[in-house]
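Below you'll find the structure, written out as structure tokens, and then a few comments.
What follows is calculated from the coordinates using simple rules that are stated; it is not laboratory data. These figures come from a predicted structure and were not determined experimentally. Heads up, the Cβs are rebuilt from the backbone with ideal geometry, glycines too, and the neighbour counts pull from every protein chain shown.
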Amino acid sequence: MKAALRAEESPAPNRARILILDFGSQYTQLIARRVREAGVYSEVHPHDISAEALKALQAAGIILSGGPESVIGENAPRLSDAVIELGVPLLGICYGMQALAAKLGGRVESADHREFGYAEVTLTEGNRLLGGVGTSGDPLKVWMSHGDRVEQLPAGFQTIAVSANAPLAGMADTERHYYGLQFHPEVTHTQSGQQIIEQFVRGICGCRSDWTAENIIADHIDRVRAKVGSQRVLLGLSGGVDSSVVAALLHEAIGNQLICVFVDNGLLRLHEGDQVMDTFHKHLGVQVVRVNAEEEFLAALEGVADAEEKRKIIGKLFIRIFEREADKLSDVKWLAQGTIYPDVIESAGAATGKAHVIKSHHNVGGLPERMKLKLVEPLRDLFKDEVRKIGSALGLPQDLVGRHPFPGPGLGVRILGVVKKEYADLLRRADDIFIGELRKQGLYDQVSQAFAVFLPVKSVGVMGDERRYDHVIALRAVETVDFMTARWARLPFEFLDRVASRISNEIPGISRVTYDISNKPPATIEWE
Ligand code: XMP
């Protein structure tokens, strides 16, 4: 991960901020989210951020993340002098603790065995980081993941936690407010982990909890107004969570200077186009131009069976149509996009994350330069859960802000093989029954993503005395945190039975319904 937000574009210039310095841990973003859940603004930066940039950020405290390297390795990333010179409270987690210990003259060695998974730590010394955490006297259940460990504390430190495999599982220098934990308080498996984070950012760093939905909205409205002035802004509205929240926020900030273009490509869910128009145009009073482009998309996709090719065709055509509409609006100066903080962090890094690739589809590539549009990305510093929270606070309906992700190419990748209107219509109806039942049974929010897939095979069924060959629908529902790995959702049999019966009874043309029990990996979430 390289430079995330630049200091001068910080969304919260007047708020206390905690920096997370990234040493490469898979949990770095999670630390930043936990700090924000404590109501304190946080930013992720690379561990080797320059001394000037670091100073300019005026952090109230710094958390050093974990990381995959060994502190004793020759090229291991080290804690810079600049961090120590700031003189603010520090909390090192796992590798961060080892880097802190090494920097201040302690000794780190490789442990006999790696410690991975649950461990029990005993809290030894009263201190502000761990004071009042857990049940007094009982060991704390924590999440560990390390090979090396601190063997000798630097001068001025005391031990504050011990575990079987890490005699120094926690350390503190309460004079300088330096703390280290060998375990991961940011991971939900760690008992009272959130309390530990809160005690650091609020108790030790002295931050107030003012990063609330209302304040985030107020800050962002000010920033958008200052940025775009009285100029007009164009937004491609997809009906997904991110672009919807951008629309609601910009509408609040600049009213009718915002113009949205919503392209109905014929590959949306049942009634989705009307719902988008209802929510934004009718209820919120946002200016939305609806482009009905179903025929154009279906014509462009005719005979194409390959998923990647379908993706490209849909993406290109979307841009062409969007450009065509944008050309009609000659006085527009800005293009708004629903980029969110994980996209920023991931694309600033190795850019291997799928999120980056996914976003590039939504983003109207090439358009800003060609039309000389400037970019406004008001969600650039927000995590998904924050985007949802401010969406609700801005008055968007709950079923919109809590919506599962939906791929840019829409049903184009959920109809296997060639795309036909007839297939899209069958799939839309099946999907609507599945999603409607999930909502009705209170199961929708318990799964991360659910949808139906159209299989272009014909399978036999009986209707009365007659044998019929009709199409097959597959249902997919997964639980996941990051969409990189996923587990198939254990939906109740009675529920699946009801959905399957409804689909085959109510939709002529479907003879069979299957439920996908593949995990990711090895399968992916979409069937394509
Ligand atoms: P896979 O199928 O790769 O999906 O396990 C992971 C997540 O990405 C979504 N996805 C897409 N989103 N355009 C998108 O905007 C796409 O082409 C695309 N393909 C997959 C998928 O729905 C899941 O949330």
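What the table shows:
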{"item": "Zone of K458's modelled label, taken as backbone nitrogen in segment 392-416 under 18 Å from a point 7 Å along Cα→Cβ", "result": "416"}
{"item": "Most to least packed among 45-53, 84-92 [average Cβ atoms within 10 Å]", "result": "84-92, 45-53"}
{"item": "Nearest-20 debye value, the chain charge dipole, Cβ charges on Lys, Arg, Asp, Glu", "result": "760 debye"}
{"item": "Geometric extent, Cα atoms of segment 421-515 - Rg, Dmax (angstrom)", "result": "13.9, 48"}
{"item": "Per-residue [θ]222 nm for the chain (sum of -39500 (n - 2.57) over DSSP H runs n ≥ 4, rounded to 500)", "result": "-9500 deg cm²/dmol"}
{"item": "Mean shadow area of segment 166-310, taken as a quarter of the surface of its Cα convex hull (nm²)", "result": "15.7 nm²"}
{"item": "Residue among Q29, P167, T188 farthest towards the positive dipole end of segment 7-204, charges placed on Cβ", "result": "T188"}
{"item": "Rg to Rh, two decimals, where segment 7-204 supplies the alpha carbon set and Rh follows Kirkwood", "result": "0.93"}
{"item": "Cβ-derived FRET efficiency at R0 30 Å, A53 paired with K227, nearest 0.05", "result": "0.90"}
{"item": "Segment 70-87-segment 410-435 distance, computed between alpha-carbon centres (Å)", "result": "53 Å"}
{"item": "Segment 121-129 - phi-based ³J(HN,Hα) in whole Hz, Karplus 6.51/-1.76/1.60, Gly and Pro as x", "result": "10, 9, 8, 10, 10, x, 7, 6, 6"}
{"item": "Rounded if a/c under 1.5, otherwise prolate or oblate - segment 235-312, Cα gyration tensor axes", "result": "prolate"}
{"item": "Restricting segment 430-511 to trypsin sites (Lys or Arg not before Pro) in coil, as DSSP defines it, with at most 11 other Cβ within 10 Å", "result": "R490"}
{"item": "Listed residues Q398, I435, L455: farthest to the positive end of the dipole of segment 384-524 (Cβ charges)", "result": "L455"}
{"item": "Set of lysines with alpha-carbon distance to K333 below 26 Å, sequence-local pairs under 8 removed", "result": "K227, K282, K316, K359, K372, K374"}
{"item": "Cβ-defined net charge surrounding L123, 13 Å radius [Lys, Arg +1; Asp, Glu -1]", "result": "-1"}
{"item": "Those trypsin sites (Lys or Arg not before Pro) in segment 194-223 that DSSP places in a loop and that have at most 16 other beta carbons within 10 Å", "result": "R208"}
{"item": "Rg to Rh, two decimals, where the chain supplies the alpha carbon set and Rh follows Kirkwood", "result": "1.02"}
{"item": "Extended-chain gain in nm, criterion 0.36 nm per residue less alpha-carbon gap, K372 and Y118", "result": "86.1 nm"}
{"item": "Anchor K55: lysines whose Cα lies under 24 Å away (excluding residues fewer than 8 positions away in-chain)", "result": "K2, K103"}
{"item": "Neighbourhood net charge (15 Å Cβ-Cβ; Lys/Arg +1, Asp/Glu -1) for L153", "result": "-2"}
{"item": "Using a Förster distance of 35 Å, the FRET efficiency for D81-Q26 (Cβ separation, nearest 0.05)", "result": "0.80"}
{"item": "For G92, residues with placed amide H under 5 Å, excluding near neighbours", "result": "L64, Y179, G180, L181"}
{"item": "Length released on extending from N256 to R487, taking residue separation times 0.36 nm less the Cα-Cα span", "result": "78.8 nm"}
{"item": "Convex hull of Cα atoms in segment 361-484, direction-averaged projection (nm²)", "result": "11.6 nm²"}
{"item": "Under 10 Å, Cβ to Cβ, from D385 - net charge with Lys/Arg +1 and Asp/Glu -1", "result": "+3"}
{"item": "Lys/Arg +1, Asp/Glu -1 at C-beta; the chain dipole; positive extreme among V513, L298, L382", "result": "L298"}
{"item": "On Cα atoms only, tilt of 213-228 relative to the major axis of the chain in degrees", "result": "70 degrees"}
{"item": "Length released on extending from E302 to H283, taking residue separation times 0.36 nm less the Cα-Cα span", "result": "3.2 nm"}
